[in-house]
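Shown next, in structure tokens, is the structure this report addresses.
The values are calculated or read from the model by the stated rules, or taken from the named source; none is laboratory data. Note that the coordinates shown come from a computational prediction; the quantities given were computed from them, not determined experimentally. Neighbour counts run over all protein chains shown; Cβ positions are idealised from the backbone, glycine included.
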Amino acid sequence: MHYSITFPIVDLRPVLPETNKLKKPSWPIVKLEEKIPFIRNFGCIKDRLNGGSEYWGSEDKFCDATGVIQFGKLSNNTKPIYRRFFSDGLFMNKLEIGLEHREYYDELNGNSFNLENAIKDLSQLKVNFKNKNLPPVSLFESGKNIASCYADASTAAKLRDQYIYNNLISGNPLALVVYNNGKPVQLPANAKLVLSEIDAIKHINKVTLHSIMLPIGHQRLKMWLLGIPDLDKKLSSSDQLLWDKTLRDLRINLSRIHIEKETTAVILTNINTKSIRFKKQSDEANLIEFYLGKISEKILKKKRFNLDQNNLLDFALKCDIDIYAGENQTLEELLDFIENKYLKNDLKQIFPQ
């Protein structure tokens, strides 16, 4: 079983004055130089082994973030696979953490693997941070601490103050669990089937996708459950390439729709609460409109990777951030600075009032 959790870290500094943000590394990074860039206390920038995404930018390079977050004691069944930090150089940043967990099937006695229990155990693993002032927390609650670590790492040490932590805001995390649906597995009771097959690879084998808001303690963790069977036959090179690419594209797509929606929600919320202030047609207003236009078009694209997006978007766009918790009570008021009426309509679809 593969468990990954992605934390959106929204950087408001591109539209704020005098943030003392370090100039390097300068995202997006097109090509790695001889002197490999790094993020202090996180790690070095690396090329992604399988490259980026044809639909989503800023997926080809990442910072190996092993240094910033460490796990406490892990069982022999669980091992960390990656801790990766991505950035688009504007507002969107994300930290992905991946774990491999060995599933246990008691097939002799007919007992199925309880996926919900395993997910809750992994989500509540204790993690520590490079910044010793930050207390250990459960993995799924790490967002604020990760944002604080990145604020420290990307600000000149002599110029740090308490206000830098207001400029980097964590959105709600998203978990993605990949499990073997060819084995007896007990899914969480409230898991909703979203896809029963994927057209592009249904001739190879059956892949399923469920969605769930899983209660953990007093919170809910948004989650996709991707069921992939063991392949019982050797595939042709073309089918193997198609299988691997389709599933990889799907995972990236699910992650980025969520991350960009959370980023957009945080930006709009901070405009509404006046944490971000700017005038109409200013450089700041134009930059935000550029980002929102680019991202809303990507989020609402009806078909991507030969996959109908409608079923995905019903769940993917669920948002726990109240963008109307401020002075403006309607989206029209909130988006008054935007000139493009089509963009306003797109945002109304993403954040229905």
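For this structure, a couple of remarks:
- Scanning the stretch 109-129 finds no residues that are closer than 14 Å to K21 by Cα, within 19 Å of the chain's Cα centre (by Cα) and without any contact (Cβ under 8 Å) to a residue 60 or more places away in the chain.
- Members of the stretch 1-27 found to be more than 20 Å from the chain's Cα centre (by Cα) and part of a strand (DSSP E or B), listed by number: K21
- When each of T269, T330, T263, T273 is tested for being at pLDDT below 95, under 29 Å from S53 (Cβ atoms) and polar (S, T, N, Q), the lone residue that passes is T269.
- Test: residue in the stretch 330-340 that is free of Cβ contacts under 8 Å to residues at least 60 places away in the same chain, touching a Ser or Thr at 6+ places or on another chain (Cβ under 7 Å), more than 30 Å from E18 (Cβ to Cβ) and surrounded by 15 or more Cβ atoms within 10 Å (Cβ to Cβ): no
- Any hit, the stretch 93-114, residues being assigned to a helix (DSSP H, G or I) and either closer than 20 Å to S58 by Cβ or among the small types (G, A, S) (or both): no
- When we screen K94, K130, K79 for residues that are within 20 Å of Q219 (Cβ to Cβ) and of a type in the set (D, E, K, R), the only hit is K94.
- Complete set of residues in the stretch 46-87 that are outside any loop (DSSP other than H, G, I, E, B) and surrounded by fewer than 20 Cβ atoms within 10 Å (Cβ to Cβ): K46, D47, D64, T66, G67, Q70, F71, T78, K79, P80, I81, Y82
- Test set (1) at positive phi; (2) touching a strand residue (DSSP E or B) at 6+ places or on another chain (Cβ under 9 Å) - E18 fails condition number: (2)
- Here Y163 passes the criteria (1) surrounded by fewer than 15 Cβ atoms within 10 Å (Cβ to Cβ); (2) assigned to a loop (DSSP other than H, G, I, E, B) except the one numbered (2).
- Residues in the stretch 13-45 that are touching a helix residue (DSSP H, G or I) at 6+ places or on another chain (Cβ under 6 Å) and crowded, with 18+ Cβ neighbours inside 10 Å: V15, T19, I39, F42, G43.
- Check on I169, within 30 Å of L242 (Cβ to Cβ), modelled with pLDDT of 90 or more and of a type outside the set (S, T, Y): no
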